Amino acid sequence: MLAFEGLAPSKQAQLFIDINAKQKHVKQSLLLELYAELHWDSDKIVERVSAVVSKAIQELGADKKSPFCGRIQTADESKDAIRCITITGMFGALERTDLFVARLKGEEVQEYGPFWAGTNEASFKRTVFILREWFNLISRPAWDWWEKGSGEGGGPPSCTAHKRSKECVGAASGRSENSLLVPL
């Protein structure tokens, strides 16, 4: 139970009941969207990385120059043939790599990854730039296919990207012989 300093116990109980009596499940995608705001200034690097990833995904979904523009399904948008990449899938694929923090001992960073640029803002900009340009290179040669999304004749480059992104991200972090080298 959350206590409110200076409030009578009966008022605290009433607030608890008011908040929790009609409580509904909060979508994971909404929580991930809020990470950018909630954890941007955190003292914990893992939380700051989550904030950077969240903000970068949202920017990629809104940026007209990004092949992900209008394709990332956020908490308040419905899935369709074009908006078929979930923020949850993309977030998981990026966060669970060593692109930001390569080695962590407890809460202390032993080695940063290639997407980390010293600050949240610089890392955010680097992440957006690399992912936007990298996926532009992937999508342009197959634009007709990319544009169909999960619709008839569409496929992996756009809407199953979140399923295959672990492979792609692994390649970018040097875990594969077929890695795409991007200047940082």
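Nothing in this text is a laboratory measurement; each read-out follows from the coordinates by a stated rule. On a predicted model such as this, the values are computed, not experimentally measured, just so you know. Note that each Cβ is placed from the backbone with ideal geometry, even for glycine, and that neighbours are counted across all protein chains shown.
Given region 24-171 reduced to its alpha-carbon atoms as identical point scatterers, what log10 I(q)/I(0) does the Debye formula return at q = 0.13 Å⁻¹?
Normalising to I(0) and taking log10 leaves -0.56.
Using the charge dipole of region 24-171 (Lys, Arg: +1 at Cβ; Asp, Glu: -1 at Cβ; taken about the Cα centre), state which of 54, 72, 151 has its Cα farthest towards the positive end.
151
Please state, as a whole number in µm²/s, the translational diffusion coefficient that the Stokes-Einstein equation yields for region 1-95 at 37 °C and 0.692 mPa s, with Rh defined as the Kirkwood radius across alpha carbon pairs.
D, rounded to a whole number, is 213 µm²/s.
Take the Cα atoms of region 76-123, find their three principal axes, and give me the spread along each one in whole Å, biggest first.
Answer, in whole Å and largest first: 42, 21, 17 Å.
Give me the extension gain from residue 38 to residue 142: residue separation times 0.36 nm, minus the current Cα-Cα distance, reported in nm with one decimal.
Taking 0.36 nm per residue and subtracting the Cα distance, the gain is 33.7 nm.
I need 127, 97 ordered by Cβ neighbour count within 10 Å, fewest first.
So the ranking, lowest neighbour count to highest, is 97, 127.
Just rank 22, 44, fewest to most, by other beta-carbon atoms within 10 angstrom.
Ordered from fewest to most neighbouring Cβ atoms within 10 Å, 22, 44 come out as 22, 44.
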